[in-house]
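S.K.: Got a structure for you, questions after.
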Amino acid sequence: MITREIQLAAQIAGAPALDNFTVAATEVDGEVLVRTDQVGLAATYLELMRADCTIPVPAWQPGQRVGVAAIGTVIRSDSPGLAVGDLVQSMTGWSEYSAGPAAQYIKLDPIADPGYYLGQGPTAYYGMADVAGVGEGDVVFVSGAAGGVGSLAGQIAKCLGAARVIGSAGSPAKVDYLVNELGYDAAFDYHDGSAADRLRELAPEGISVFFDVVGGEQYQAALQTARPGARFALCGSLSSQLGGAAERFPKPDSAAAQARGVELLPFSCYHTPDQIAAWREHFSTWLGEGRFVYPQTVIEGGIEDVPQAFLSLLQGSYRGNVSVRLS
């Protein structure tokens, strides 16, 4: 089978652009052949496209297919465990078709919207439940709360018993979305004055948990308004994602955190089977109880449209978890 896929044309230095990507034709063959129906997008992919990648996994090289999570339909199978028509998930990336051993495909329950399987729930759940240990009475602040991770993290905190959840976002429309659709207790536009002042207004008693995907000024604001003993789950630094490695992942001010009694908890989620299972178990329960909303943006297009959708994601054009449904 000849398929079209998105390859990295050149590793990224500075701001990403369309000429960092190319559409290539390649042959795929294996025990199972799958038509890709939908591919997931995540800001984390940008780091894997850099020559100075700081994530402890191999960076993508020029000429290599990019992307990770994909949902597809089996169209040929020599495996007794997978049949033609089965819905499967894989880490095969941005390609119209994929093929390989049956073990690299996870059979899924057919659902009305398979995009649910492409979200960043494992990261949000692991960071909020296991790393930050959110529980009854916590006052939680989530930066970048309208994005793929943040839009889930705040809801997870509420379901785990947090007394108050506050989010930041980049526009009044996103602030309204957080409060009126996702159930945040309060939210603010980080362009609208001092983030520290807004946090003092919205959490006068101080925050006990900070889930950070942004860094920069919002990290400093959280530090200024943290209670003694607060836990900071540090997931990313999107505010400086276009700089050099030191700028993209600045070292947290540990001296200031120690002086305020704040526990810094940087983490990465590798989507292990246990992490995925924990997320799906709780997500399905909360969704069935009507306590959870799955926020997502689905873009319709061909494989050639995926790079532009990815760039738009990095520019903050979408809300929630983002995927491209291939047509």
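S.K.: Does Met128 meet the test of being open to solvent by 30 Å² or more (accessible area, probe 1.4 Å) and under 20 Å from the mean Cα position of the chain (by Cα)?
M.R.: The answer is no for Met128.
S.K.: Mind checking whether some residue in the stretch 300-322 is farther than 21 Å from Lys174 by Cβ, at pLDDT below 95 and out of contact with any helix residue (DSSP H, G or I) (no Cβ under 8 Å at 6 or more places or on another chain)?
M.R.: no
S.K.: Taking only pairs six or more apart or across chains, which ones have beta-carbon atoms under 7 Å, a first residue in the stretch 1-23 that is within 18 Å of Ala59 (Cβ to Cβ), and a second residue that is among the basic types (Lys, Arg)?
M.R.: Glu5/Arg65; Ile6/Arg65; Gln7/Arg65; Gln11/Arg50; Ile12/Arg50
S.K.: Name the single residue that is surrounded by the fewest Cβ atoms within 10 Å (Cβ to Cβ) among those in the stretch 87-109 being out of contact with any Asp or Glu (no Cβ under 8 Å at 6 or more places or on another chain) and in a strand (DSSP E or B).
M.R.: Looking at residues that are out of contact with any Asp or Glu (no Cβ under 8 Å at 6 or more places or on another chain) and in a strand (DSSP E or B), I get Ile106.
S.K.: Would you confirm whether any residue within the stretch 71-81 is under 28 Å from Tyr294 (Cβ atoms) and modelled with pLDDT under 95?
M.R.: The answer is no, given that none of the residues of the stretch 71-81 is under 28 Å from Tyr294 (Cβ atoms) and modelled with pLDDT under 95.
S.K.: Next question, about the same structure. Restricting the first residue to the stretch 283-296 and requiring it to be outside any helix (DSSP H, G or I), which pairs with a second residue that is of a type in the set (Lys, Arg) and surrounded by fewer than 16 Cβ atoms within 10 Å (Cβ to Cβ) meet a Cβ separation below 9 Å and a spacing of at least six or different chains?
M.R.: Partner pairs satisfying both residue conditions: none exist.
S.K.: Another one. Of all the residues that make up the stretch 295-310, how many are open to solvent by less than 70 Å² (accessible area, probe 1.4 Å), under 19 Å from the mean Cα position of the chain (by Cα) and under 23 Å from Gly93 (Cβ atoms)?
M.R.: 8
S.K.: Moving on to the next point. Could you check the stretch 130-233 for helices (runs of 4 or more DSSP H) lying wholly inside it with 2 or more residues that are farther than 23 Å from Phe292 by Cα?
M.R.: It comes to 195-202, 216-224.
S.K.: Next question, about the same structure. From the residues in the stretch 165-205 that are of a type in the set (D, E, K, R) and in contact with a Phe, Trp or Tyr (Cβ under 9 Å, 6 or more places away or on another chain), which one is surrounded by the most Cβ atoms within 10 Å (Cβ to Cβ)?
M.R.: It comes out as Arg198.
S.K.: In the stretch 265-273, is there at least one residue being open to solvent by less than 30 Å² (accessible area, probe 1.4 Å), assigned to a helix (DSSP H, G or I) and in contact (Cβ under 8 Å) with a residue 24 or more places away in the chain?
M.R.: Within the stretch 265-273, none of the residues are open to solvent by less than 30 Å² (accessible area, probe 1.4 Å), assigned to a helix (DSSP H, G or I) and in contact (Cβ under 8 Å) with a residue 24 or more places away in the chain.
S.K.: Filter the stretch 152-189 for residues that are under 16 Å from the mean Cα position of the chain (by Cα), of a type outside the set (A, V, I, L, M, F, W, C) and more than 21 Å from Glu217 (Cβ to Cβ) and give the result.
M.R.: Gln155, the sole residue that qualifies.
S.K.: State whether one or more residues within the stretch 251-263 are closer than 30 Å to Leu48 by Cβ, assigned to a helix (DSSP H, G or I) and at pLDDT below 95.
M.R.: Yes, the stretch 251-263 contains a residue that is closer than 30 Å to Leu48 by Cβ, assigned to a helix (DSSP H, G or I) and at pLDDT below 95.
S.K.: For the stretch 209-226, name all the residues that are buried (at least 21 other Cβ atoms within 10 Å of the Cβ) and over 23 Å from the mean Cα position of the chain (by Cα).
M.R.: Correct list: Leu223, Thr225, Ala226.
S.K.: Identify the residue in the stretch 1-21 that is assigned to a strand (DSSP E or B) and out of contact with any Pro (no Cβ under 9 Å at 6 or more places or on another chain) and, among all such residues, is most open to solvent (accessible area, probe 1.4 Å).
M.R.: The selected residue is Ile2.
The values are calculated or read from the model by the stated rules, or taken from the named source; none is laboratory data. This structure is a prediction, so every number in the text was calculated from the model and none was measured. Please note: Cβ atoms are built from the backbone with ideal geometry, for glycine as well, and neighbour counts cover all protein chains shown. Calculation scope for accessible area: heavy atoms of the full protein, side chains included, ligands and nucleic acids excluded. Shrake-Rupley method; radii C 1.70, N 1.55, O 1.52, S 1.80 Å.
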